[in-house]
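Report on the following structure.
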Amino acid sequence: MAGITVSGVTIDCAEPEKLAAWWAEALGWRLNGRSCRAPGGGLQRLEFMPVPEAKRVKNRVHIDFRAVDVQDAVDRLVAMGATIAWEEDFPPELSYRNLVLRDPEGNEFCVGGPSDAAPGS
């Protein structure tokens, strides 16, 4: 089997520089024009490509992020301009909370983590 690794994800958008800057701030990554890169010289990157058409339907691929404090992470992202799309339901025994959000151009992504980070848990 060939040794391959994920080096990045490319996201279609209307304003690539603006969205790259938003994601760089959201993740604490280094901004590089139309992309942002993980700290530490890693190869991981998000790249943003301009397309003429607007987003119309749910993404077929999205990124999942893990947070120690889900509510704190979601609150920070919403304050930056993300919107909450929905919260997924998990059985209580899984002790997991996951919210689907949309970035400023409507691209879905998830923020999940321990359910004890949920208010009132």
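The values are calculated or read from the model by the stated rules, or taken from the named source; none is laboratory data. Computed from a predicted structure; not experimentally measured. Counting neighbours? That spans all protein chains shown, and the Cβs are built from the backbone with ideal geometry, glycine included.
Check 61, 57 and return the single one that is more than 16 Å from the chain's Cα centre (by Cα) and in a loop (DSSP other than H, G, I, E, B). Write out each step before concluding.
Values: 61 fails: more than 16 Å from the chain's Cα centre (by Cα).
Exactly one of 61, 57 is more than 16 Å from the chain's Cα centre (by Cα) and in a loop (DSSP other than H, G, I, E, B), namely 57.
Does the range 1-17 hold any residues that are closer than 22 Å to residue 106 by Cα and free of Cβ contacts under 8 Å to residues at least 40 places away in the same chain, and which are they?
Looking only at the range 1-17, we keep the residues that are closer than 22 Å to residue 106 by Cα, and these are 8-17.
Scanning the range 1-17 gives 8, 10, 16, 17.
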Considering only residues that are assigned to a loop (DSSP other than H, G, I, E, B) and either modelled with pLDDT under 95 or under 18 Å from residue 65 (Cα atoms) (or both), which ones fall in the range 15-32? 28, 29
Look through 53, 15 and report the one residue that is of a type outside the set (A, V, I, L, M, F, W, C), in contact with an Asp or Glu (Cβ under 9 Å, 6 or more places away or on another chain) and surrounded by fewer than 13 Cβ atoms within 10 Å (Cβ to Cβ). 53
Quick check, is residue 53 free of Cβ contacts under 8 Å to residues at least 40 places away in the same chain, within 19 Å of residue 112 (Cβ to Cβ) and of a type outside the set (S, T, N, Q)? no
Which members of the range 77-104 meet the condition of being surrounded by 15 or more Cβ atoms within 10 Å (Cβ to Cβ) and within 14 Å of residue 26 (Cα to Cα)? 77, 82, 101, 102, 103, 104
Any residue at all in the range 68-75 that is of a type in the set (D, E, K, R), surrounded by fewer than 16 Cβ atoms within 10 Å (Cβ to Cβ) and outside any helix (DSSP H, G or I)? yes
